[in-house]
1. Under 6 Å by Cβ, and 6 or more places apart or on different chains, what pairs join a residue from segment 244-273 that is of a type in the set (Asp, Glu) with one that is open to solvent by 60 Å² or more (accessible area, probe 1.4 Å)?
2. Does segment 60-84 hold any residues that are part of a helix (DSSP H, G or I) and either of a type in the set (S, T, N, Q) or under 21 Å from the mean Cα position of the chain (by Cα) (or both), and which are they?
3. Please verify whether residue 166 is modelled with pLDDT of 95 or more, under 28 Å from residue 291 (Cβ atoms) and not acidic (Asp, Glu), treating the condition exactly as stated.
4. Checking the structure you have, find out if any residue of segment 167-180 is part of a strand (DSSP E or B), polar (S, T, N, Q) and surrounded by fewer than 21 Cβ atoms within 10 Å (Cβ to Cβ).
5. Can you tell which of 42, 22, 46 is within 19 Å of residue 303 (Cβ to Cβ), part of a helix (DSSP H, G or I) and open to solvent by less than 20 Å² (accessible area, probe 1.4 Å)?
6. Which of the residues belonging to segment 228-257 are of a type in the set (Val, Ile, Thr) and loosely packed, with under 13 Cβ neighbours inside 10 Å?
7. Which numbered condition in (1) over 19 Å from the mean Cα position of the chain (by Cα); (2) part of a strand (DSSP E or B) is the only one that residue 212 fails?
8. Name the residue, out of 114, 119, 226, 187, that is touching a His at 6+ places or on another chain (Cβ under 6 Å) and either of a type outside the set (A, V, I, L, M) or more than 22 Å from residue 315 (Cβ to Cβ) (or both).
Amino acid sequence: MRAIRWGLIGAGDIAQKRVAAALRDARAGELTAVARARPELAESFAKTFGARRWHRNAADLVADREIDAVYIATPVHLHAAQTIAAAEAGKHVLCEKPMALDVGECDRMIAACRAHDVRLGVAYYRHFYPAIARIKAIVASGEIGDPVVAQIEAFEWCNLQPGDPRSWFMKKAEAGGGPMFDFGCHRLEVLIDLFGPVRRVTSTVANVVFDREVEDTAIASLQFERGTCATLAVTHAAIESRDTLRIFGSSGSIHVETLNKGDVRIVAGGQERREAHPPAANLHQPLIDDFVQAVLTGREPAVNGGIGRAVAAVEAEIYDRCA
């Protein structure tokens, strides 16, 4: 089986922490080349992660004939143009979340990849958490009855100062929104994975502590086509971190205090039990491995452009229908 040769566009925080290593370590994959916004740093980054080449910009990397697939790890406002350029060059694309600034951009990305017969994936890596698969199986089994209410809290203190390399997160034109757009999208993908299509959305989007272009806090109320109701609360302004998921059913419940750890408590039939389903050491690795197999076999990635678009559509409703 031949190896998929990866090019990495962008070398910021998430690329350094997890993405580059996952591309390098992928089964049937290798990290071949890197491009970053500061080309003077591209060489050192490439050498650190074992890439053979580095490029001064994304256009040069996309034109590289020894690249089969690109991982786009740049600010959100660049995702659509870079994905379309890569597709036109015949490269498969795995794009960081959120997929794009709006649904229209998502549609153009999907159309370009379809037209050039390349795979398109979006980096919602929580889709591959063993805890999520287990929760989905428990819900499907009927053990907790009909899922009635789901609650997610995602709190991450974030007060970026001017000059911080990640300050683009505070600019609406570049980031698309605040915490609901940045990491709320991860939780929306989890909810859609668990409960299916969303029927309706209401929301509150606010600046409680920080005066900036994007919100620091948001709460979305969702109802799914199957009837389940859910609330998603996200904030940059609470000092206490939260990463919870709770599902209350007609005959039981599921509780996860820290989704990134994977410890699950199930209450059903008058009894309580605990299960441990930790994620991979590198949270991105299962995502990368699945995408490589999708390219090699010609199937769709488990998290494809359609899923990225579905999340973007709910995000649009959250911001359009906020109180």
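1. 263/276
2. 76, 77, 78, 79, 80, 81, 82, 83, 84
3. Taking the combined requirement at face value, the residue does not satisfy it.
4. No, every residue in segment 167-180 fails to be part of a strand (DSSP E or B), polar (S, T, N, Q) and surrounded by fewer than 21 Cβ atoms within 10 Å (Cβ to Cβ).
5. 22
6. Within segment 228-257, just 239 meets the criteria.
7. If we test residue 212 against (1) over 19 Å from the mean Cα position of the chain (by Cα); (2) part of a strand (DSSP E or B), just (2) comes out false.
8. 119
The values are calculated or read from the model by the stated rules, or taken from the named source; none is laboratory data. Fair warning: this is a prediction, and the values are worked out from it, not measured in the lab. Virtual Cβ from ideal backbone geometry, glycine too; neighbours counted across all protein chains shown. Accessible surface is based on the protein model in full, side chains and every heavy atom, while ligands, DNA and RNA are left aside. Shrake-Rupley method; radii C 1.70, N 1.55, O 1.52, S 1.80 Å.
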